[in-house]
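The values are calculated or read from the model by the stated rules, or taken from the named source; none is laboratory data. Every value quoted in this text rests on a predicted model; they were computed, and no experiment measured them. Heads up, the Cβs are rebuilt from the backbone with ideal geometry, glycines too, and the neighbour counts pull from every protein chain shown. For accessibility, only protein heavy atoms count, side chains too; no ligands or nucleic acids. Shrake-Rupley method; radii C 1.70, N 1.55, O 1.52, S 1.80 Å.
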Amino acid sequence: MLKQGIYRAENTDNWLDSYTVRMEVKETEKAYIFRLVDFQSRYSAVHIETLFKKSKRVVIRKDKGGHAMRKWSDEDFTLYPFQAGIPYYFKKEQEEST
């Protein structure tokens, strides 16, 4: 299972395609729960923007989500919203120690 926390996807290749997406992720037995924390994009990441258009919180059911998702470990995954456009690679942000 994915570790609960803030995950980041970003592309800094060039200013036209650059984006940063941060979201809080929680995995349950039957679903993934995403809460958008920060979204910055000029022209890219349209499918992420569309995914969170109605609400800052999205629940994707594992048995019939309509979105492709591949977990690589318990701290990173790739999300392919609507199975269109480009996939987004998310990696868990390290928690700051106090």
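Over the range 1-79, what percent of the accessible surface lies on carbon and sulfur atoms, probe 1.4 Å?
Carbon and sulfur together cover 44 percent of it.
Return the calculated 222 nm mean residue ellipticity for the chain, to the nearest 500 deg cm²/dmol, obtained by summing -39500 (n - 2.57) across DSSP H runs with n ≥ 4 and dividing by the residue count.
That calculation yields -1500 deg cm²/dmol at 222 nm.
Skip the ligands, DNA and RNA, and give the accessible area per residue of the range 34-74 with a 1.4 Å probe, whole Å².
The answer is 73 Å² per residue.
Residues with amide H under 5 Å of Val37's amide H, sequence separation 5 or more or different chain, H placed in the peptide plane at 1.01 Å from N; which?
Sorted by chain and number, the residues that satisfy this are Arg22, Met23, Glu24.
Starting at the first residue of the range 27-41, write each ³J(HN,Hα) from the Karplus equation 6.51 cos²θ - 1.76 cosθ + 1.60 with θ = phi - 60°, in whole Hz, x for Gly and Pro.
Working through the residues one at a time gives 10, 10, 4, 10, 7, 10, 10, 10, 10, 5, 9, 8, 9, 10, 7 Hz.
Report the net charge of residues surrounding Ile33, where surrounding means a beta-carbon distance below 13 angstrom and charges are Lys +1, Arg +1, Asp -1, Glu -1.
Net charge in that neighbourhood comes out at +4.
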